[in-house]
Amino acid sequence: MKQLNPRGFGLVCASAAVAIGLLLAGCANTVEGTPTANQVEVSSYRSEVATSSAAASASKQAAATAKAIADNCDPFRKTTGTAVDRYNDFVDAHDGSTADQNDKRDAAAGALDDAAKTVEGQVAASGADLAADLGQKFTDYVAAARNLAAEVRKMTTGSSVAPLNDASRKVNDALNAVRAACPAK
């Protein structure tokens, strides 16, 4: 029985005879010529490989971006929440002229600086995986928190609260911008 090889590279021959338990196979004819690739199929294959590679790369980048968002947005509320609580404790102590207002002032300034440092570190660790616009919102918070910490440290019993209130508004604006940009939890 003779069959033409579907790739066109030669003639495949098979003949079998069973004689005393032996199976013999052989080929007696070959086809002359040079094998060539089907250029349409080659082009199609290359296109499929490129598409598959691009899809894998896009999927990898999307996963890295999602991780960067989660790494920054998820802990943001907790990190900044402590700073807000310490700041509010200080405002209450300052407004009430309590004996512990200096301790609460120092705790508020420290908590604001700690929050800024933590947020800044998370943004830096995410690198280019964090979208630039979201990264800028975090950076704006860091600057505002550090500015508020500096204003808190300046506060004494008779200090004007105007610079403190201005710095506090900037922190609130930055907090709200980040919260609005982060996915809801």
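Just one of the listed residues (Val91, Val171, Val152, Val178) is closer than 30 Å to Ala63 by Cα and of a type in the set (Val, Ile, Thr), namely Val178. Entry remark, the range 107-130: residues being closer than 29 Å to Ala93 by Cβ and touching an Asp or Glu at 6+ places or on another chain (Cβ under 8 Å) number 3 in total.
Scanning the range 140-156 for residues that are open to solvent by 60 Å² or more (accessible area, probe 1.4 Å), modelled with pLDDT under 95 and on the phi > 0 side of the Ramachandran plot turns up nothing.
When you look at Asp113, is it under 24 Å from Ser160 (Cα atoms) and assigned to a helix (DSSP H, G or I), yes or no?
Values: under 24 Å from Ser160 (Cα atoms): yes; assigned to a helix (DSSP H, G or I): yes.
Yes.
State whether the residues of the range 140-147 include one that is in a helix (DSSP H, G or I) and over 15 Å from Asn172 (Cα atoms). There is no residue in the range 140-147 that is in a helix (DSSP H, G or I) and over 15 Å from Asn172 (Cα atoms).
Quick check on Gly121: is it loosely packed, with under 14 Cβ neighbours inside 10 Å, free of Cβ contacts under 8 Å to residues at least 12 places away in the same chain and under 22 Å from Lys170 (Cβ atoms)? Working first, answer last.
Values: loosely packed, with under 14 Cβ neighbours inside 10 Å: yes; free of Cβ contacts under 8 Å to residues at least 12 places away in the same chain: yes; under 22 Å from Lys170 (Cβ atoms): yes.
Here the answer is yes, as Gly121 does meet what is asked.
Quick check on the range 164-178. Is at least one of its residues in contact (Cβ under 8 Å) with a residue 24 or more places away in the chain, assigned to a helix (DSSP H, G or I), of a type in the set (Asp, Glu) and crowded, with 16+ Cβ neighbours inside 10 Å? The answer is no; no qualifying residue exists. Scanning the range 59-74 for residues that are at pLDDT 90 or above and open to solvent by less than 40 Å² (accessible area, probe 1.4 Å) turns up Asn72, Cys73.
Scanning the range 84-105 for residues that are touching a residue at least 40 places away in the same chain (Cβ under 8 Å) and either among the acidic types (Asp, Glu) or outside any helix (DSSP H, G or I) (or both) yields one hit, Ser97.
The values are calculated or read from the model by the stated rules, or taken from the named source; none is laboratory data. All values derive from a computational prediction rather than experimental measurement. Neighbour counts run over all protein chains shown; Cβ positions are idealised from the backbone, glycine included. Note: areas computed on protein heavy atoms with side chains; ligands, DNA, RNA excluded. Shrake-Rupley method; radii C 1.70, N 1.55, O 1.52, S 1.80 Å.
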